[in-house]
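See below for the structure under consideration.
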Number of protein chains: 2
Amino acid sequence: MAKVQGYSARPTLRIDLSAIKSNYLAIQKKVGTTKVAASVKADAYGLGLVPVSKVLYGAGCRIFFVATAGEGKALREAVGENVSIYVLNGPAPRDLTLLFGSYLKPVINSMAQAQMWVEATTGVKSAPFCAIHIDTGMNRLGFDQEEFQMLSRNKPMQQKLGIDLVMSHLACAPDAAHPMNKTQLDAFRRATAQLPMTTMSLANTAGVYLGKPYHFQMVRPGIGLYGGGATTQRDKESTMPVVTLLGAVLQIKKIKAGQTLGYDATYTAKKDMTVAIVGAGYADGIPVSSSATDTKKGGHAIFRKQHVQIVGRVSMDLTILDVSSVDDQIEIGHQVAFRGDQLGLDSSDAGTINYELLVRLGQRCRRDYLR
Amino acid sequence: MAKVQGYSARPTLRIDLSAIKSNYLAIQKKVGTTKVAASVKADAYGLGLVPVSKVLYGAGCRIFFVATAGEGKALREAVGENVSIYVLNGPAPRDLTLLFGSYLKPVINSMAQAQMWVEATTGVKSAPFCAIHIDTGMNRLGFDQEEFQMLSRNKPMQQKLGIDLVMSHLACAPDAAHPMNKTQLDAFRRATAQLPMTTMSLANTAGVYLGKPYHFQMVRPGIGLYGGGATTQRDKESTMPVVTLLGAVLQIKKIKAGQTLGYDATYTAKKDMTVAIVGAGYADGIPVSSSATDTKKGGHAIFRKQHVQIVGRVSMDLTILDVSSVDDQIEIGHQVAFRGDQLGLDSSDAGTINYELLVRLGQRCRRDYLR
């Protein structure tokens with residue numbers, strides 16, 4: 001019988017804060033004198049808004065982007081007065097108290113939001129500045145061409161708004177050869193020429209790697225800070241892995257060829273094998289889509305630098321691994337790792353994107369922040 | 001321009017606690033005098049351990065299952081001394097303090113865990129009882145045949161363990177015609193005949209609908225309490241929907257035929273259309289896999305009982321909907337609903353299972369508990 005080691009059945013999410021700092025500084029080095037803001041929305045992509053934003057502050061970051069006013073309030077409490085916080089999803093009537101109370105700058109995406117912001121700030125002393133977001137072709141949030149023309153002709157409204165940033169967002173930056181990049185760059189230049197000079201920003205992480213013309217006065221990386229490859233190749237050298245999910249081996253079993261494993265018996269052992277049942281599942285962020293069936297190879301975990309394949313369906317709290325290749329080494333209580341430097345690889349196994357894998361990780365885990 | 005209504009940009013997760021109670025009582029009615037335990041692992045499938053377990057307690061539930069000792073401790077604090085709490089992932093050396101401190105009953109899955117539990121409890125006054133989990137064919141956690149024979153012959157060990165429940169878990173219960181169900185039932189009967197009489201339990205939600213022979217003295221539903229269809233048909237009548245994700249329309253746009261939408265420009269408008277950009281994305285639990293591309297229809301949301309399709313890739317904080325069919329009604333600030341009674345439908349759209357959709361919902365959302 002396998003030796004029982006000292007372990008907890010609770011999984012661990014290990015987050016390397018020094019790697020986040022290093023990733024921030026690598027981007028700062030790449031863009032020279034351009035300011036590097038940080039996207040910390042969705043709880044810093046699931047890694048913890050407070051510790052992540054504090055380490056970014058320590059690395060010199062003074063501009064942050066969140067999605068909602070509630071995220072902005074939590075961020076303000078974490079990093080203090082000395083930073084700019086932009087709220088991407090714009091001002092909303094019921095969020096005005098939060099925006100004013102925590103001095104959060106809304107990103108204005110439409111004439112409706114512009115009018116709301118003008119009305120809300122009229123007569124308010126030291127109301128927050130705001131950003132203008134121009135939709136240059138992604139067709140998501142942002143001023144479309146028609147509404148942008150209305151804004152650019154309306155000088156009094158521009159003055160009342162108090163604009164300190166004009167931005168847009170790239171749709172296809174991970175693919176450097178995509179014609180959309182140049183189309184958006186040109187559209188952004190044309191549009192910003194019609195507004196008074198202020199800080200301009202176009203690039204997310206992948207945009208940073210499109211080169212100098214895309215940097216303007218500010219870049220706004222997110223995924224690149226957290227170790228996710230934003231492009232398939234260009235950022236790999238300078239990006240360090242940040243996050244590892246660790247689960248303990250709870251049981252080791254011998255399975256005979258022909259036996260089925262897991263829910264709905266979708267996986268049949270093709271040979272006699274040794275499996276390890278690990279205490280981490282989709283509630284911890286290992287996606288069901290990384291399951292293995294008789295017709296589809298699944299994702300994998302890492303045990304002592306060796307890949308071990310997922311077999312059967314990933315369940316809520318448990319994942320079964322084929323550990324036949326390491327069955328002379330692996331014991332109950334040992335930890336196996338998911339993610340780490342394989343985020344891109346995993347997301348393609350799982351039919352999703354590394355961003356989504358990140359935000360889904362580890363709600364139930366013990367969090368182990370490396371400093 | 002669309003009228004701006006009073007709204008927040010933060011999404012809302014609406015959880016109907018009275019529906020959870022109703023679902024519990026419907027299962028209790030179905031199984032007669034059999035006890036109905038509740039699976040509340042993974043933060044009650046993502047819906048909130050404390051409010052959910054309290055409402056289940058109010059409905060009469062006195063037996064709960066969690067995955068880890070940490071979950072058990074939080075549950076004990078919520079529901080008090082008067083309930084049994086089983087920890088499915090078993091005892092682990094570093095979790096013993098939690099197990100003893102909160103009187104949590106570990107589910108013993110192997111001889112290694114049995115020996116650990118005997119050693120840990122020897123000489124301890126009023127140590128918690130434990131459950132024995134027999135693997136009857138799922139090949140996940142639980143005593144395999146060989147180890148179970150060791151246990152069933154070892155009467156002194158059985159006495160030392162303090163067993164008050166013998167259980168197994170069904171692999172294929174959603175499919176009533178699957179031969180695995182009968183195989184597991186027979187194996188469970190054969191195995192339990194070798195142990196002293198105690199409470200026996202085999203059925204999860206889907207097992208409840210396999211009929212009386214599967215009920216024994218206790219059933220352990222999870223997904224059925226939370227409104228997820230555990231079977232494709234049989235439980236639909238008695239299960240009420242529990243959870244709805246609501247996002248606000250932040251912007252409405254006219255898109256011309258031939259324009260692309262969202263990241264990587266994977267969706268091209270086939271006709272002129274009206275789109276709504278909604279403030280909820282995959283960080284809120286709308287899976288990336290429910291995105292729509294030029295070759296794949298995506299998931300949908302509900303606006304005033306009408307389906308509106310997702311177009312383009314779901315992004316972290318935003319989802320784009322084709323609202324052409326309702327563009328005379330929909331306005332900025334209106335809320336659209338994801339999930340609700342369509343959990344099964346959505347999960348098949350998204351290439352996953354309703355269980356996973358549930359646990360991923362709404363970490364960032366305001367939570368609105370209906371009582």
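Each reported figure results from applying straightforward, stated rules to the coordinates on display, with no laboratory input. Computed from a predicted model, the values in this text were never measured in an experiment. Using ideal geometry, Cβ is built from the backbone for each residue, glycine included, and neighbour counts are taken over all protein chains shown.
For this structure, a couple of remarks:
- Position A:F129: other-copy label points at 6.7 nm, ordered by increasing distance, label point 7 Å along Cα→C-beta.
- 3J(HN,Hα) along the range A:191-203: 5, 5, 4, 8, 10, x, 4, 7, 5, 10, 8, 10, 8 Hz, from the Karplus curve 6.51 cos²θ - 1.76 cosθ + 1.60 with θ = phi - 60°, whole Hz, x for Gly and Pro.
- CD proxy at 222 nm, helix term only [per DSSP H run n ≥ 4: -39500 (n - 2.57); per residue of chain B; nearest 500]: -8000 deg cm²/dmol
- Members of A:K182/A:K212; A:K297/B:K182; A:K29/A:K212 lying beyond 22 Å, as alpha-carbon distances in this model show: A:K297/B:K182
- Ignoring lysines fewer than eight residues from A:K256 along the same chain, the ones with Cα atoms less than 18 angstrom from its Cα are A:K270, A:K271.
- Average partner coverage of B:205-213, which counts Cβ from other chains inside 10 Å: 0
- Under 15 Å from the Cα of B:K35 - aspartates and glutamates, other chains or at least 8 residues apart: B:D164
- Rounded to the nearest 10 degrees, the angle from helix B:17-31 to the longest Cα principal axis of chain B is 50 degrees.
- The HN-Hα couplings worked out from phi for the range A:62-70 by the Karplus form 6.51 cos²θ - 1.76 cosθ + 1.60 (θ = phi - 60°) are 10, 9, 10, 10, 10, 8, 10, 5, x Hz, whole numbers, x standing for Gly and Pro.
- Partner shielding of A:7-17 amounts to 4, given as the average count of beta-carbon atoms from other chains within 10 Å of each residue beta-carbon.
- Its Cα gyration tensor gives the range B:41-119 an equivalent ellipsoid, and the semi-axes of that ellipsoid, as √(5λ) in whole Å with the largest first, are 23, 12, 11.
- Among B:K253, B:K41, B:K30: highest mean-square fluctuation, GNM of chain B, C-alpha pairs under 10 Å: B:K253
- Distance cut-off 47 Å, percentage of C-alpha pairs in the protein assembly as shown lying past it: 22 percent
- Summarising the amide proton neighbourhood of B:M200: residues at separation of 5 or more, or on other chains, whose placed amide H is nearer than 5 Å comprise B:V166, B:Q217, B:M218.
- Top of B:P156, B:P287, B:P213 by mean-square fluctuation, Gaussian network on chain B, Cα under 10 Å: B:P156
- R0 of 56 Å, Cβ-Cβ distance A:K297-B:D368: FRET efficiency to nearest 0.05: 0.85
- Shape category assigned to the range B:34-202 from the gyration tensor of Cα positions, a/c cut at 1.5: oblate
- Annotation: amide H of A:R140 within the under-5 Å range of B:G262, sequence separation 5 or more or interchain, hydrogens built in the peptide plane.
- Among the GluC sites (Glu not before Pro) within the range B:58-143, those in coil by DSSP and having at most 13 neighbouring Cβ atoms inside 10 Å are B:E81.
- Shape descriptor for chain B: Rg over Rh equals 1.06 (Cα atoms; Rh from the Kirkwood inverse mean 1/r).
- Copies compared at B:D186 - label distances in nm, ascending, label defined 7 Å from Cα in the Cβ direction: 7.3
- Across the range A:241-370, the relative contact order, built from alpha-carbon pairs under 8 Å that are at least six residues apart, equals 30 percent.
- Integer Hz, Karplus 6.51/-1.76/1.60 couplings in order for the range B:110-120, x for Gly and Pro: 6, 5, 4, 5, 4, 5, 4, 5, 5, 4, 5
- Residue ranges A:83-96, A:183-196 sort as A:83-96, A:183-196 when ordered by packing (mean number of other C-beta atoms within 10 Å per residue, highest first).
- Chain A: most fluctuating residue of A:A120, A:A206, A:A44 per GNM, C-alpha cutoff 10 Å: A:A120
- Normalised by the number of residues in chain B, the average gap of Cα pairs under 8 Å and 6 or more apart makes the relative contact order 20 percent.
- With label points defined 7 Å past Cα in the direction of Cβ, position A:K296 shows copy-to-copy spacings of 0.9 nm, given to one decimal and shortest first.
- Long-range amide H partners of B:A38 with built H, under 5 Å: B:I63, B:F64, B:F65
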